[in-house]
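Asker: I'd like to ask you about the structure that follows.
The values are calculated or read from the model by the stated rules, or taken from the named source; none is laboratory data. Worth saying up front: this structure is predicted, and the values here are computed from it rather than measured. No Cβ is skipped: glycine too gets one built from the backbone with ideal geometry, and neighbour counts run over all protein chains shown. Just the protein is used for accessible areas: all its heavy atoms, side chains included, with ligands, DNA and RNA removed. Shrake-Rupley method; radii C 1.70, N 1.55, O 1.52, S 1.80 Å.
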Amino acid sequence: MRILVVEDEEAIAKGLRFNFEREGYQVNVAGDGPTALEIYESAQPPIDLVVLDLMLPQMSGYEICRALRRLDLDIPVLALTARTLSEDKIQAFDCGVDQYMTKPFSLPELLSRVRNLLDKRRRHLDRRSVRPTEDVTRFSDVVVDFGRFELRHKEEVHALTTREQELLRYFLEHDGVVLSRARLQSEVWRDAADISSRSIDNFVMRLRRMIEDDPSSPKHLLSIRGTGYRFVSEPADSTSSSEESNEPGKT
Ligand code: CA
């Protein structure tokens, strides 16, 4: 299992890494929010738990947690912080933190909580993988297994996050329809009204990398200039998509 430690105090980050690795976990460390989110989105195998300091440069831990929740509703987040006020805790839980520990913390208690969250995570992933697999959709040379949160494109297999899967499902259900970013925001991110159009574009970019032969010249997930996107499961002419205004460089 892989833990992402978001902590700007090097001594603490080092101590956490040492102790987590001794428990047999893989560990990534980030000193600020943007780095943390970048690692979170690109880590393979994916991150299973985030240990999050709340007072950080650039983005606060609260903002980071909200951003994580937009990417994945299920990832466990343990806040580790010098903030002890009840309001701080409430704000953290409102942002989607699962557990909260104040510094200075007891190492055995932290390790026990981490074990607990990771056990839950493992059960959650196991349940996913034994779910019936009839929820499978195919288009072109792509197979999406919604039961397993898995997408296969030719020989490549990609794991999908909950949100990536919801977005892809929405595109599949609206084959050929022009979908504005505003519509995607309200239909796919119902519970996170503050998602930016830039983040939506990032999600589309990630889906393109999974489903397109050439993500910079998409045949399925087309950009509609000034509006949003149009998904086409079976492009009529597979050699050209000139009918659309693709802006791969911009999106
Ligand atoms: Ca800090």
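Asker: Residue by residue through the stretch 179-190, what is 3J(HN,Hα) from phi via Karplus (6.51 cos²θ - 1.76 cosθ + 1.60, θ = phi - 60°)? Round to whole Hz and write x for glycine and proline.
Answerer: With the stated coefficients, the stretch 179-190 comes to 10, 6, 4, 4, 5, 4, 4, 7, 8, 9, 10, 3 Hz.
Asker: Taking only DSSP H segments of four or more residues, each worth -39500 (n - 2.57), what value at 222 nm results for the chain once the sum is divided by all its residues, to the nearest 500 deg cm²/dmol?
Answerer: Values: 8 runs with 102 residues, N = 251.
After summing the helix terms and dividing by the residues of the chain, the value is -13000 deg cm²/dmol.
Asker: Starting from 0.36 nm per residue, how many nanometres of slack lie between residue 123 and residue 170 once their C-alpha separation is accounted for? Numbers along the way, then the final one.
Answerer: Values: separation 47, 0.36 × 47 = 16.92 nm, distance 2.72 nm.
My answer for the length gained is 14.2 nm.
Asker: Residues with amide H under 5 Å of residue 139's amide H, sequence separation 5 or more or different chain, H placed in the peptide plane at 1.01 Å from N; which?
Answerer: 144
Asker: So how far apart, in nm, are the two label points at residue 183 and residue 19 if each is 7 Å from Cα heading toward Cβ?
Answerer: Placing both labels 7 Å beyond Cα along the Cβ direction yields 5.1 nm.
Asker: Here is a further query. Could you report the chain's accessible area per residue, 1.4 Å probe, as an integer in Å²?
Answerer: Values: 12520 Å² over 251 residues.
Solvent-accessible surface per residue comes out at 50 Å².
Asker: Check which residues have an amide H placed less than 5 Å from residue 102's amide H, if you skip close sequence neighbours.
Answerer: 81
Asker: Distance in nm between label sites at residue 213 and residue 32, each 7 Å beyond Cα in the beta-carbon direction?
Answerer: Going by the 7 Å Cα→Cβ label model, 4.1 nm.
Asker: In the chain, with Lys and Arg counted as +1 and Asp and Glu as -1 at Cβ, which of these residues, 81, 222, 149, has the Cα nearest the positive end of the dipole, that is, farthest along it?
Answerer: Checked the options; the winner is 81.
Asker: Protein chains only, probe 1.4 Å: how do 134, 9 rank by accessible area, largest first?
Answerer: Working: 134 145, 9 95 Å².
Descending order: 134, 9.
Asker: Now for a different question. Give me the percent of the accessible area of the chain that comes from carbon and sulfur atoms, probe 1.4 Å, all protein chains in place.
Answerer: Numbers: 5910 of 12520 Å².
Solvent-exposed carbon and sulfur of the chain make up 47 percent of the total.
Asker: Would you mind getting me the FRET efficiency between residue 74 and residue 9? Use the beta-carbon distance for r and R0 = 22 Å, nearest 0.05. Could the numbers behind the result be given before it?
Answerer: On the way: r = 28 Å, r/R0 = 1.27.
For R0 = 22 Å, the calculated efficiency reads 0.20.
Asker: Skipping prolines and chain starts, which residues have an amide H placed within reach, meaning under 5 Å, of the one on residue 51, given they are 5 or more residues away or on another chain?
Answerer: Here 4, 5, 6, 78 satisfy the definition.
Asker: Hey, what angle do you get for helix 10-22 against the long axis of the chain, alpha-carbon based, 0 to 90 degrees rounded to 10?
Answerer: 80
Asker: Still on this structure, I have one more. Want the number for residue 107 to residue 159: 0.36 nm per residue separation, take away the alpha-carbon distance, what's left?
Answerer: Numbers: separation 52, 0.36 × 52 = 18.72 nm, distance 3.26 nm.
Stretched fully, the residue 107-residue 159 segment lengthens by 15.5 nm.
Asker: Oh, and also: So what's the stretch 2-130 giving for Rg/Rh, alpha carbon basis, Kirkwood Rh from the mean inverse pair distance? Please report the intermediate quantities before stating the final value.
Answerer: Numbers: Rg = 13.6 Å, Rh = 14.6 Å.
That ratio is 0.93, to two decimals.
Asker: Calculate, for residue 85 and residue 201, the FRET efficiency according to 1/(1 + (r/R0)^6) with r their C-beta to C-beta distance and R0 35 Å; round to the nearest 0.05.
Answerer: Values: r = 37 Å, r/R0 = 1.06.
Once rounded, the FRET efficiency stands at 0.40.
Asker: OK, next. Name the lysines eligible as straight-distance cross-link partners of residue 14: C-alpha to C-alpha under 20 Å, and not fewer than 8 places from it in the same chain.
Answerer: Answer for residue 14, where 20 Å is the Cα cut-off: 103, listed by chain and number.
Asker: Can you give the log10 of the normalised intensity I(q)/I(0) at q = 0.10, 0.13 Å⁻¹, computed with Debye over equal Cα scatterers of the chain?
Answerer: The calculated log intensity ratios at q = 0.10, 0.13 Å⁻¹ are -0.55, -0.87.
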